[in-house]
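What follows is calculated from the coordinates using simple rules that are stated; it is not laboratory data. Remember, it's a predicted structure, so these values are computed and weren't measured experimentally. Backbone-built Cβ (ideal geometry, glycine too); neighbour counts: all protein chains shown.
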């Protein structure tokens, strides 16, 4: 069997290195956000990059017990009082395309839109308008746009402002802002949500599309651990009862179980 290969971490009997940095040196002089950046980019972030990454992780850390990931975690925590990890894992498994996962598709959309502008001699605004027009024609939703709670996602403006103040706002943010304007004109007001904001900032920082979903998971795990602990410490076991409305077949007559029961047509 051939040896597994990795360029991330190495160790011996005395030391551990992450991307060539001794882990004890990182423990003394770096932050956890630095280490996340290092693990995925192979280098330590600048001060501005760290601030942006911190802000993104904070932004996705929690959105209340009604979010699918938190609801799933608390449901498992309500029924399984022995396994904290099972409840947190259940919350992570609830993250997907509809909840916390749209950043992946949004980054791909941004890349396509920016490439359209570059190769087609279009402005970013024109590329955004074409993207919206194509989505309308195909009956598709625009990833990273709209929110079921917020008419304006308060987290988006903060991330975009931080990126601009640091001189890190580039085509990704420009495209998403142009997309928001084009959607308002051709569909209806659709704010750039946190998935779209993450996608725009991460695109401008040079991360691959898949990292948008991974960053959401990393940040949301912090919130899930708090949701699970609150369920364990404040609530009784089996307290989560989901309202159910039965709309199936009404009670059957007892002779339906006879030697020759009637069959549904």
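GNM remark for the chain: springs join alpha carbons under 10 Å apart, and the peak mean-square fluctuation among 53, 116, 176 falls on 116. Averaging the Cα positions of each part gives two centres, and for the range 136-174 and the range 18-45 these lie 29 Å apart. The structure shown yields semi-axes √(5λ) of the Cα gyration tensor in Å, and of the options (i) 29, 19, 19; (ii) 39, 31, 18; (iii) 36, 25, 15 that calculated value carries the label (ii).
Each of residue 134 and residue 89 was given a label point 7 Å from its Cα along the Cα-to-Cβ line. The distance between the two points is 4.0 nm. Just 67, 121, 200 to compare: in a GNM of the chain, with alpha carbon springs under 10 Å, which one fluctuates most? Its mean-square fluctuation being the largest, the pick is 121.
For the pair residue 121 and residue 187 in one chain, pulling the backbone fully straight at 0.36 nm per residue adds 21.2 nm over the alpha carbon distance. Exposure proxy ranking for 69, 123, based on other Cβ atoms within 10 angstrom of each Cβ and starting from the fewest, stands as 123, 69.
By the count of neighbouring beta-carbon atoms within 10 Å, fewest first, 17, 4 end up ordered 4, 17.
Using a 10 angstrom cutoff on alpha carbons, build the Gaussian network for the chain and name the most mobile of 95, 249, 110. Comparing 95, 249, 110 in a Gaussian network model of the chain, the most mobile one is 249. Using just its DSSP H runs of length 4 or more, each adding -39500 (n - 2.57), the chain gives a mean residue ellipticity at 222 nm of -18000 deg cm²/dmol after division by all residues.
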